[in-house]
1. Open to solvent by less than 60 Å² (accessible area, probe 1.4 Å), touching a strand residue (DSSP E or B) at 6+ places or on another chain (Cβ under 6 Å) and of a type in the set (A, V, I, L, M, F, W, C) - does that describe any residue in the stretch 174-196?
2. Scan the stretch 272-281 for residues that are in a helix (DSSP H, G or I) and of a type in the set (D, E, K, R) and report the count.
3. If a residue must be farther than 22 Å from SER67 by Cβ, surrounded by fewer than 16 Cβ atoms within 10 Å (Cβ to Cβ) and either touching a helix residue (DSSP H, G or I) at 6+ places or on another chain (Cβ under 8 Å) or at pLDDT 90 or above (or both), how many such residues does the stretch 13-43 contain?
4. So for the stretch 242-256 (the condition being hydrophobic (A, V, I, L, M, F, W, C) and either at pLDDT below 95 or under 23 Å from LEU74 (Cβ atoms) (or both)), does at least one residue qualify?
5. Would you check if ARG253 is basic (Lys, Arg), touching a residue at least 40 places away in the same chain (Cβ under 8 Å) and surrounded by 13 or more Cβ atoms within 10 Å (Cβ to Cβ)?
6. When the stretch 44-63 is examined, which residues are found to be outside any strand (DSSP E or B), open to solvent by less than 40 Å² (accessible area, probe 1.4 Å) and within 20 Å of LEU108 (Cβ to Cβ)?
7. Would you pick out the residues in the stretch 238-271 that are closer than 19 Å to ASN176 by Cβ and assigned to a loop (DSSP other than H, G, I, E, B)?
8. What number of residues within the stretch 64-108 are open to solvent by 20 Å² or more (accessible area, probe 1.4 Å), charged (D, E, K, R) and either touching a strand residue (DSSP E or B) at 6+ places or on another chain (Cβ under 7 Å) or not in a helix (DSSP H, G or I) (or both)?
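The values are calculated or read from the model by the stated rules, or taken from the named source; none is laboratory data. All of these numbers come straight from a predicted model, not from anything done at the bench. All Cβ positions, even for glycine, are placed from backbone atoms using ideal geometry, and neighbour counts span all protein chains on display. The protein model used for the area step is the full one, side chains on, heavy atoms only, and it has no ligands, DNA or RNA in it. Shrake-Rupley method; radii C 1.70, N 1.55, O 1.52, S 1.80 Å.
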Amino acid sequence: MTLAFADTDDDAPDDGRHPLFADAPRSVSFNKLRKRLLRQVRQAMDDFSMLKGQKRWLVGVSGGKDSYGLLALLMDLQWRGLLPVELIACNLDQGQPNFPKHILPEYLSSIGIKHRIEYRDTYSIVKEKVPAGATYCSLCSRLRRGNLYRIAREEGCDALVLGHHREDILETFFMNFFHGGRLAAMPPKLLNDEGDLMVLRPLAYAAEEDLAKFAAAMQFPIIPCDLCGSQDGLQRNAMKAMLADIETRMPGRKDAMLRALGHTNPSHLLDPKLFDFSSLETVRHE
């Protein structure tokens, strides 16, 4: 895993723009940002063999900055002939009160992407099942993922593509580290339990700050989450704050942490299932 990215990209010359970028800034800074994100997506796809045998991807679009950015970058790569898969955008309307149902269908139609809007009232289920004061994220995520798997199968897709980025991966790692007592993060590529779908995260190397800048410049019609987004004190928020503080005091630590996740040494950890400590023996020198 290499996380050193230059500000030029000879493999993807700026010889035109996808129509999606017609109203995007023409500034040098935006062009560098777009190319950096494209390069990071391509590197993640290459490092984790995301294109191995994949023909059709279902791209989850929540209405947040990350999934909008993911879709735009994938469409750009596809337009440049660098992503030989069919893309289908999908939004799962989970029945949150005051959810603006018109925004995503109108936006997805305007950019010319094949899409499916699915309504499933998981909001009521989460509100009913989760005790007052507890966080909704875990159950909400499981219900959403199950529906997306079903939709991917119905659409003949072989992969579900999600917009999780560098910070999501690091936050998950530290949540498991501090609260779960295990070393585990959010894998860039995962085979589901049934073995019939891949879950892909092409934004694994992308910084949340870059995605926020990209979304603002592209003027994506952001839809806030009124379910989990309204709750304070989430463990993930604590991890996010901790990582932000570390990065402020020691710039570059987030990339260093991400590199560490790709360079493990089982013999220097404490898991006998990963390394056979019992086989270690000294050698006597006569």
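1. no
2. Residues meeting the conditions: 0.
3. 6
4. no
5. no
6. Those that are outside any strand (DSSP E or B), open to solvent by less than 40 Å² (accessible area, probe 1.4 Å) and within 20 Å of LEU108 (Cβ to Cβ): VAL61, GLY63.
7. GLY262, HIS263, THR264, ASN265, LEU269, LEU270, ASP271
8. The total comes to 3.
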